[in-house]
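Colleague: Sharing a structure with you now.
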Amino acid sequence: MNENKVVVTFFKSRNCPKCPKAEEVVKEVLKEFNGVELREVFIEDNPEEALMYQVVSTPSIAINDETIFFGEIPTREEFKRELERFLE
């Protein structure tokens, strides 16, 4: 098990029609993992951070410093598989 903390950053927008479903997927999967921190970032409020992660559309999901999903809703399986890579 990786001793380093794993942080999931969920980039969303207030007027994004896909964001609620993607957020639901993220929160459901994270219930299965202890110690994973979830950060929620509105790109309207934090455009500099969004740019740092190369996020130009929402929903986007980064794990630690790597943006994995850009402007898409991952399946539970896709998100879980990516998250597990960082927990090994």
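Colleague: Nearest 5 is fine: what % of DSSP beta bridges in the chain come out antiparallel, could you say?
Modeller: Details: 7 of 14 bridges.
In the chain, approximately 50 percent of DSSP beta bridges are antiparallel ones.
Colleague: Could you work out how far helix 76-87 tilts from the main Cα principal axis of the chain, as a 0 to 90 degree angle to the nearest 10?
Modeller: So the helix axis and the longest Cα principal axis differ by about 60 degrees.
Colleague: Now, a different point. Which angle from 0 to 90°, rounded to the nearest 10, does the C-alpha axis of helix 19-30 make with the longest principal axis of the chain?
Modeller: Approximately 10 degrees, to the nearest ten.
Colleague: Now, a different point. Bin width 5 Å, origin at 0, all Cα-Cα pairs of the chain: what percent of pairs per bin?
Modeller: Bins of 5 Å from zero give 3, 15, 30, 25, 17, 8, 2, 0 percent of pairs.
Colleague: Just to confirm a number: summing +1 for Lys and Arg and -1 for Asp and Glu over residues other than Glu72 whose beta-carbon lies under 11 angstrom from that of Glu72, what do you get? Each step should come with its number before you reach the end.
Modeller: Numbers: positive: Lys18, Lys21; negative: Glu78.
So the environment of Glu72 carries a net charge of +1.
Colleague: Here's a follow-up. Ignoring any ligand, DNA or RNA, what whole percent of the accessible area of the chain comes from carbon and sulfur when the probe is 1.4 angstrom?
Modeller: Details: 2550 of 5320 Å².
Summing carbon and sulfur atoms, their accessible area is 48 percent of the total for the chain.
Colleague: Within a Cβ distance under 13 Å of Glu84, other residues only, what is the Lys/Arg minus Asp/Glu net charge?
Modeller: Summing Lys/Arg as +1 and Asp/Glu as -1 gives -1.
Colleague: Looking only at Leu51, Leu38, Leu30, which one moves most when the chain is put into a Gaussian network model with springs between Cα atoms under 10 Å?
Modeller: Leu51
Colleague: Please report the net charge: other residues with Cβ closer than 11 Å to the Cβ of Ile61, K and R +1, D and E -1. Present the calculation step by step, with values, prior to reporting the outcome.
Modeller: Numbers: positive: Lys12, Arg39; negative: Glu23, Glu40, Glu66, Glu72, Glu78, Glu82.
Spelling it out: positives minus negatives among the neighbours equals -4.
Colleague: Under the 0.36 nm per residue contour assumption, what length would be gained going from the current alpha-carbon distance of Val6 and Leu38 to full extension?
Modeller: Numbers: separation 32, 0.36 × 32 = 11.52 nm, distance 0.89 nm.
Separation in residues times 0.36 nm, less the Cα-Cα distance, equals 10.6 nm.
Colleague: Mind checking the per residue accessible area of the chain for me, 1.4 Å probe, whole number of Å²? Mind showing how you got there, number by number?
Modeller: On the way: 5320 Å² over 88 residues.
Value returned for the chain: 60 Å² of accessible area per residue.
The values are calculated or read from the model by the stated rules, or taken from the named source; none is laboratory data. None of the values given here were measured: they were computed from a predicted structure. Virtual Cβ from ideal backbone geometry, glycine too; neighbours counted across all protein chains shown. Just the protein is used for accessible areas: all its heavy atoms, side chains included, with ligands, DNA and RNA removed. Shrake-Rupley method; radii C 1.70, N 1.55, O 1.52, S 1.80 Å.
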